[in-house]
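Input: a single structure, listed below in structure tokens.
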There are 6 protein chains.
Amino acid sequence: MRPSKRAFDALRPVTLERGVSRHAEGSCLVKFGDTHVLCLASIEERVPPFLKNTGKGWVTAEYGMLPRATGERMRREAASGKQSGRTLEIQRLIGRSLRAVVDLGALGERQITVDCDVIQADGGTRTASITGGFVALHDCLAWMEARGMVSREKVIRDHVAAVSCGIYKGEPVLDLDYLEDSAAETDANFVLTGAGGIVEIQGTAEGAPFSEAEFSALMGLAKSGIADLVARQKAAIAGAAA
Amino acid sequence: MRPSKRAFDALRPVTLERGVSRHAEGSCLVKFGDTHVLCLASIEERVPPFLKNTGKGWVTAEYGMLPRATGERMRREAASGKQSGRTLEIQRLIGRSLRAVVDLGALGERQITVDCDVIQADGGTRTASITGGFVALHDCLAWMEARGMVSREKVIRDHVAAVSCGIYKGEPVLDLDYLEDSAAETDANFVLTGAGGIVEIQGTAEGAPFSEAEFSALMGLAKSGIADLVARQKAAIAGAAA
Amino acid sequence: MRPSKRAFDALRPVTLERGVSRHAEGSCLVKFGDTHVLCLASIEERVPPFLKNTGKGWVTAEYGMLPRATGERMRREAASGKQSGRTLEIQRLIGRSLRAVVDLGALGERQITVDCDVIQADGGTRTASITGGFVALHDCLAWMEARGMVSREKVIRDHVAAVSCGIYKGEPVLDLDYLEDSAAETDANFVLTGAGGIVEIQGTAEGAPFSEAEFSALMGLAKSGIADLVARQKAAIAGAAA
Amino acid sequence: MRPSKRAFDALRPVTLERGVSRHAEGSCLVKFGDTHVLCLASIEERVPPFLKNTGKGWVTAEYGMLPRATGERMRREAASGKQSGRTLEIQRLIGRSLRAVVDLGALGERQITVDCDVIQADGGTRTASITGGFVALHDCLAWMEARGMVSREKVIRDHVAAVSCGIYKGEPVLDLDYLEDSAAETDANFVLTGAGGIVEIQGTAEGAPFSEAEFSALMGLAKSGIADLVARQKAAIAGAAA
Amino acid sequence: MRPSKRAFDALRPVTLERGVSRHAEGSCLVKFGDTHVLCLASIEERVPPFLKNTGKGWVTAEYGMLPRATGERMRREAASGKQSGRTLEIQRLIGRSLRAVVDLGALGERQITVDCDVIQADGGTRTASITGGFVALHDCLAWMEARGMVSREKVIRDHVAAVSCGIYKGEPVLDLDYLEDSAAETDANFVLTGAGGIVEIQGTAEGAPFSEAEFSALMGLAKSGIADLVARQKAAIAGAAA
Amino acid sequence: MRPSKRAFDALRPVTLERGVSRHAEGSCLVKFGDTHVLCLASIEERVPPFLKNTGKGWVTAEYGMLPRATGERMRREAASGKQSGRTLEIQRLIGRSLRAVVDLGALGERQITVDCDVIQADGGTRTASITGGFVALHDCLAWMEARGMVSREKVIRDHVAAVSCGIYKGEPVLDLDYLEDSAAETDANFVLTGAGGIVEIQGTAEGAPFSEAEFSALMGLAKSGIADLVARQKAAIAGAAA
């Protein structure tokens, strides 16, 4: 029995609210249950040095947590003077995941930064960030398309979404919340495209090593969960323009 | 004529939404028009070194802005490795303002940190932070009182709220938004208690110096505006327990 | 009775010694009693990025304290790896105050940095810095005028000086020294021009909130004190060229 | 055809040289072809704060690269003032991998740090670090056992080793070198135990997403390659005491 | 001919002014011509960790330069976030030099920090710092002796002073000023005791290597110059108590 | 009797192994007994700002120690966020020493960085770094000469090598190891050219001051030891091309 009473293959209630920022070119407040992440996409007419004069653009992400997004207040990273290894690892993952479905040449020589800031955390902040970050990125490109800057369809080749799975009390379960995450024997994050292609897999044994069969079970859950998340992305995007 | 069509002595629509965090002991999402600040109060059973073994507690504040809270994306302070002078100045002001109405001895040897994170900015983020931070602080003390840790009434001696005023196109106006703030000749922030006592005054000539008469006009606006803000704090707190 | 036996409206002995640096284009060692600040103005043929190709110049200030300027040795900011919030706040104030009397267009596209380093502290270091910094700035412009670079009169539109006032043992007093500052119920800094215009006001209740009447009394003291300081600036400048 | 002419399932020449440091309690210079990593294990009689008075110990890792370990000289991390996200990510992975086969309770309240410094890089530095780091850790525990501090067998429950696999020119290959790594469509790192349990999986699509079948092929290669690496660890350890 | 018209073996005018700080336990403003260094000695009742519970004390030094102490304004080290290699090198030298004449056991378990801040620079700031720092240290110990804390004679075993020498236009000269220092072929700093013992020698070829004979000539100049400096220290200390 | 049984004027076994890096343009693994330093020279087609458009090049050095190069593990400088004063001092010394025998004009507008990383330490790491760094620099220039970029003979005017000497148990000895260095009364580092010219001298009294006669004895040892080191450099370079 999961603490949340969910079935082993059930996502938490997921919402993707678009148009939540007055300023950002694309924005999405994504909720995976009590995990709330504000994803804001910003367009800048510059690229990193290694892309100058290549005609290619860049998509990158930054990740942060409010100090009291968590059960215990954590030290503010701006005050401690550096981003933790965990933060850097997560924002690199988000950026790679979004770039996996973007044609950087079609974007042109400009950069989109997707800021994913965790307002409240209950497990799965990186997977929510990728899933909501895609919607913010999409809306940023729609904003650009409306101004004749790009063809959104050429830039975005597919959807991308993510979910965590794990082995909790001996059973594979989908979309871990914090209570499950803290107690899971194995924890894996999957990033897949709308077409079901694998973008990123990260699996970690928290206690005993796990077997290939267990890993396959987790991947099966992930495929079904991500198909559901992509459907929700499509529904959200199909709504009135942000 | 103000860009927002407001009367010279009109606040923007102000809301104070309590209980917005699953984790924080006290929380308030404060909105002054399009300026939105999430204020989360956290209790910790420790005090800064200079208060150890004094029996006294401490109330402090931290302030941050999401990188795209503003019209142009700003660099993330955690990534640049330090908080700006502006950030440090504002969080010191918030902390001093809240402490002005707190009896640190009655709090006991523990610390309350009020994190004020600007989700969206349109001028007046520091005054919104103080006004909403007071509500978060209040609810944190109510949480503690419910657990027999303190007497809320003994710790909080009065309300405290803040507003900015300025001289815009030659006229004194209340509660500047970003457009006004950028163009104001003079900009002043006032922090007053519920009883009308002055906690903090900061007035700055952005262009030409201002006169004592002008300053008095600004103070008059501030007194009336803050009386209104305190009434809203009282109404918010009188609602159902957060 | 004030610890220094001064009358409530008496400044400490004030001296403004010009020409104290072999290298700086303008320099002034200002003393407000036992508070000694070395103010050195340096001209550079460059401006901050936001002013490039605007034809306008910039005046900025930096502030520091020697580690043993104070009664207890403080950690050297260069060793701790960052400037404190207090330092940043003060140097921003000094810069704003000096710019309030400068025509940046008449300065032309170059920057003057006024370094205010506290050699010995006894309260009022920021107000002494502004008062002495003005003289250093003036002499820097005189140096430039002598080389045909600017018209000093066009660049500097008025004098600017500053003083602190506070309520000490229930009485408003002028120009707090450290003993008074530590014990004052209310502490306010005023920056005024030679013509009496207000450039900056900062008032803080250290204990109980203060009233508008108390604040008016402090402003009255400040106006008289600053008039005196401006007279001393004029006398200093009227002396032999630095 | 691989640039190195290796068969698709062939490791590079692997050597594990023990006892290479006069000072460290355990040491191993591991070579995966032209990738050379010096792994030094150090014992300290202290633990991180969260383990104080728990009776449990800790195993952690740090990772670094000499500035010219690579084809182009990179900036020294000590000079740039921080470790990169990549460095932090890798050293966290090494630490987790080693802890997966250690009984921290049997270690007792002390910490072993395994420093993995890349002397020369040609792809696969993180997998070489884990594979060689295990040997250094083993020898550190042997050193401790010889002094009656621990039972090595109780502390180390199994071997752990790692290898990278990838899809290069459409074919799954084992143990990528730098040329292959730069051109691979998919890149995955596997960390397995001697018993074949999975400790960590990290797979990333560098270009197009990959399929579950491709991923299975990579895992098949990894299992065989790691079995070989574990055999080499056993042979190395079976040699004369370091 | 030296730019200053001095004889090859002539010091610049040297003054050692004691008692220049209201706060520091020992203080000396030392001038070697236009090089002015403020040396302030502070006593603290704590020692570095490696001396805890050893009964021994510590003497250390910190060094800084005001940003416009030099001909061109330099960046403030507190603003750049770190002390330069030059600064660290100099303050380590000052500390070693002072400790060379101190009996740390007789000092007892406390620390004296000598802050050497360069108010104006014209070459030789490190040698002036050592020479003036000794006087500040002496007066700090006299202050302590007056309070029964130490026996000054037991703590300070001898005088210590320093001077630079160099080969300028082919000739060995004593006490280089900035013009000479910039053009010298060889530059050496000598730190000697009152008894003529060598504490530290640092010689550097700026252009062509130098010979042992040249080095001997520099040492001869240094011995005579330092004898003179020690005599001035004695005269200064013999004056009325600071 | 020295701990190593060496004669007072005997170097430790010295080896200079060239061509130890697959990537660096010049490389040398230098061993002074148990002190092992990897010296890698890298060529870059850029110069520091102060040399732009001067036609002159630059030679610089960086120094580091692996955390467990020493008997006790030290904190990794990249993790602590800054290089220590000792590190900065040493790398400045290595750079100055190498530049003393280089014609920067003949090098042309490019920079050679010599990274000296201590793999294992037993005293004398800075002198080994200079001695081995010269060989790496030489081979880098040979690499450039082979590509027609420079004339090696014009760039390198002479050999340079370094050794430490000290007074140990009252006797002057050559090439201190760690045990001797820790106990030496006086410690001096000498950097000389192949022609016997002095490039750098640094002598420090660790305990009692030393005399000029003692210093001369140390210099005598250094001259003979460095002549030997230069002979070994020549023999190494005369070997097959790296």
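The values are calculated or read from the model by the stated rules, or taken from the named source; none is laboratory data. Nothing here was measured: the structure is a model prediction, and the numbers come from that model. All Cβ positions, glycine included, derive from the backbone under ideal geometry; neighbour counts span all protein chains shown. The protein model used for the area step is the full one, side chains on, heavy atoms only, and it has no ligands, DNA or RNA in it. Shrake-Rupley method; radii C 1.70, N 1.55, O 1.52, S 1.80 Å.
Listing for the model above:
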| quantity | calculated |
| --- | --- |
| Filtered residues of region A:219-242 (kept if over 23 Å from A:R12 (Cβ atoms) and either touching a Ser or Thr at 6+ places or on another chain (Cβ under 8 Å) or surrounded by 20 or more Cβ atoms within 10 Å (Cβ to Cβ) (or both)) | A:A242 |
| Candidates F:I112, F:I130, F:I119 - the one that is closer than 18 Å to F:A24 by Cα and surrounded by fewer than 24 Cβ atoms within 10 Å (Cβ to Cβ) | F:I119 |
| Leading residue by the ranking (nearest to the other protein chains (Cβ to nearest Cβ)) among those in region D:73-84 that are part of a helix (DSSP H, G or I) and surrounded by fewer than 19 Cβ atoms within 10 Å (Cβ to Cβ) | D:A79 |
| Condition check for C:L174: more than 14 Å from chain B (Cβ to nearest Cβ), over 14 Å from the mean Cα position of the chain (by Cα), open to solvent by 10 Å² or more (accessible area, probe 1.4 Å) and at pLDDT 95 or above | no |
| Subset of region B:185-195 (residues that are under 16 Å from the mean Cα position of the chain (by Cα) and either open to solvent by 30 Å² or more (accessible area, probe 1.4 Å) or of a type outside the set (V, I, T) (or both)) | B:A188, B:N189, B:F190, B:L192, B:G194 |
| Filtered residue count, region F:1-20, keeping only those that are farther than 19 Å from F:D228 by Cβ and over 18 Å from the mean Cα position of the chain (by Cα) | 2 |
| Selected residue (only one of E:T87, E:T131, E:T127 is more than 13 Å from every other protein chain (Cβ to nearest Cβ), at pLDDT 95 or above and within 26 Å of F:G95 (Cβ to Cβ)) | E:T127 |
| Residues within region A:50-72 that are in a loop (DSSP other than H, G, I, E, B), in contact with a Leu (Cβ under 8 Å, 6 or more places away or on another chain) and open to solvent by 50 Å² or more (accessible area, probe 1.4 Å), tallied | 1 |
| Count - residues of region C:9-57 that are of a type in the set (F, W, Y) and more than 14 Å from chain E (Cβ to nearest Cβ) | 1 |
| Evaluation of D:L179 against (1) within 14 Å of chain A (Cβ to nearest Cβ); (2) open to solvent by 60 Å² or more (accessible area, probe 1.4 Å) (one fails), failing number | (1) |
| Any pair with Cβ under 6 angstrom, 6 or more apart, that starts in region C:204-218 at a residue that is more than 9 Å from every other protein chain (Cβ to nearest Cβ) and open to solvent by less than 60 Å² (accessible area, probe 1.4 Å) and ends at one that is assigned to a strand (DSSP E or B) and at pLDDT 95 or above | C:A217/C:P172; C:L218/C:C165; C:L218/C:P172; C:L218/C:A188 |
| Complete set of residues in region C:30-49 that are within 15 Å of the chain's Cα centre (by Cα) and part of a strand (DSSP E or B) | C:V30, C:K31, C:F32, C:T35, C:H36, C:V37, C:L38, C:C39, C:L40, C:A41 |
| Number of the exception - F:E206 against (1) farther than 22 Å from F:A100 by Cα; (2) at pLDDT 95 or above | (2) |
| Residues of region E:5-29 that turn out to be of a type in the set (A, V, I, L, M), part of a loop (DSSP other than H, G, I, E, B) and in contact (Cβ under 8 Å) with a residue 12 or more places away in the chain, as a count | 4 |
| Scope region C:143-154; condition surrounded by fewer than 18 Cβ atoms within 10 Å (Cβ to Cβ) and either in contact (Cβ under 8 Å) with a residue 24 or more places away in the chain or touching a strand residue (DSSP E or B) at 6+ places or on another chain (Cβ under 6 Å) (or both); matching residues | C:M149, C:S151, C:K154 |
| Residue that is surrounded by 16 or more Cβ atoms within 10 Å (Cβ to Cβ), out of contact with any helix residue (DSSP H, G or I) (no Cβ under 8 Å at 6 or more places or on another chain) and not polar (S, T, N, Q), where the choices are A:V30, A:V47, A:V37 | A:V47 |
| Unique residue being more than 14 Å from chain D (Cβ to nearest Cβ) and at pLDDT 95 or above when the list is A:D139, A:D158 | A:D139 |
| Residues that are more than 8 Å from every other protein chain (Cβ to nearest Cβ) and either over 15 Å from the mean Cα position of the chain (by Cα) or open to solvent by 10 Å² or more (accessible area, probe 1.4 Å) (or both), drawn from region A:92-109 | A:R99, A:D103, A:L104, A:G105, A:A106, A:L107, A:G108, A:E109 |
